[in-house]
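What follows is a single structure, written as structure tokens, with notes after it.
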Amino acid sequence: MKKIAVIGSTMMDVVSYTDRMPEAGETRMSTDFHIAAGGKGANQAIAAAKLGADVMMVTAIGDDLFGENSRKNFRRHNIDDRHIMTISDTANGVASITVEASGQNRILICAGANGKFTPDLLKSAEHDLSLCSLIVLQLEIPLETVYAAIAFGKKHGIPVLLNPAPAAENLSFEKVCDCEFFMPNETELAITTGMPTETLDGVRAAAKKLLGHGLKNVIVTMGSRGSLWMSKDHEVHIEASEVKAVDTTGAGDAFIGCFAASYVASGDIEKSLRRASRYATLSVTRTGTQGSYADAEEFTAFLQELDGKTA
């Protein structure tokens, strides 16, 4: 089986639910609370693994209880943890998440060990990385480590998928153009390009700007508006399935994890996008991040249900 390497962040999510966000200076009672494993890199790895992909996680964790629990979580999902590095005297990354009744969320991140994931640490994984079929990256680790991973992928002929989240205005297009896939959401696309993305035409124009910089495949996730894939030769808009959203936290990571698993297995971009869109749709009908991700059996049942409704 072809292997996916996810190089990126590991967090512990501290999640509060509320009927509405508090105003500045206001204190409100939350309606629920939980702590769960998270981080964009970890989320994407877990989603792919739940769908049956062979996944190796390359990340940095803290030498605290959150770090220990993060490693246990990867092992529980049968993810290769040989290159999960514990950073001494450092806290694990933490994401403080508040979710409204509408399903919308706001997130505050403390990088912790993720901020100490340097290119030098990446070197210890190079042999095993060279055997992988896809590298998946995000921006919750230092940019120089992301650039080093992209350069490694180019050197070894391994396609790289970059999810530019959180968005970075100082992203080097000279370096990220070596990625096979550039996969922002519409907000990240707006920040990256400095262009409005409130409409589909706006998203399309911003994506074209990125193609003009030399990017090969720009895939924009747009929540309830679906997703848009643009390349030199393709423009495909995939509409989202209509469901009642309960919690949108981690939906973008669900999309990327499913896309990675499907693309490595099939090599078919459009098919993988359609599957990813439906997988992300299913995730927003459940609460939490990784806990909202379906396994292969659950996802197959959901696909059959959707196909039955449209038959």
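The values are calculated or read from the model by the stated rules, or taken from the named source; none is laboratory data. Please read these numbers as outputs of a predicted model, since none were measured by experiment. Cβ: placed from backbone, ideal geometry, glycine included. Neighbour counts: every protein chain shown. Protein only, heavy atoms only, side chains kept; ligands, DNA and RNA dropped before computing areas. Shrake-Rupley method; radii C 1.70, N 1.55, O 1.52, S 1.80 Å.
Summary of values
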read-out	value
Count - residues of region 204-219 that are touching a residue at least 24 places away in the same chain (Cβ under 8 Å), open to solvent by less than 10 Å² (accessible area, probe 1.4 Å) and touching a helix residue (DSSP H, G or I) at 6+ places or on another chain (Cβ under 6 Å)	1
Hey, Ala113 of a type in the set (A, V, I, L, M), in a helix (DSSP H, G or I), farther than 21 Å from Leu171 by Cα and touching an Asp or Glu at 6+ places or on another chain (Cβ under 9 Å) or not	yes
Boolean, Ala148 is aliphatic (A, V, I, L, M), surrounded by fewer than 21 Cβ atoms within 10 Å (Cβ to Cβ) and more than 16 Å from the chain's Cα centre (by Cα)	yes
Residue among Glu144, Glu126 that is touching a Pro at 6+ places or on another chain (Cβ under 9 Å) and in a helix (DSSP H, G or I)	Glu144
Residues (touching a His at 6+ places or on another chain (Cβ under 7 Å) and more than 11 Å from Leu189 (Cβ to Cβ)) located in region 204-240	Gly226
Among the residues listed as Ile107, Ile135, the single one being touching a residue at least 12 places away in the same chain (Cβ under 8 Å), open to solvent by less than 10 Å² (accessible area, probe 1.4 Å) and either closer than 15 Å to Gly41 by Cα or out of contact with any Asp or Glu (no Cβ under 7 Å at 6 or more places or on another chain) (or both)	Ile135
Hits in region 1-45 (condition: among the charged types (D, E, K, R), within 22 Å of Gly103 (Cα to Cα) and open to solvent by 10 Å² or more (accessible area, probe 1.4 Å))	Asp19, Arg20, Glu23, Glu26, Arg28, Asp32, Lys40
Residues of region 46-78 satisfying the condition of being open to solvent by less than 10 Å² (accessible area, probe 1.4 Å) and either under 18 Å from Ala111 (Cβ atoms) or not in a helix (DSSP H, G or I) (or both)	Val55, Met56, Met57, Val58, Thr59, Ala60, Ile61, Gly62, Gly67, Ser70
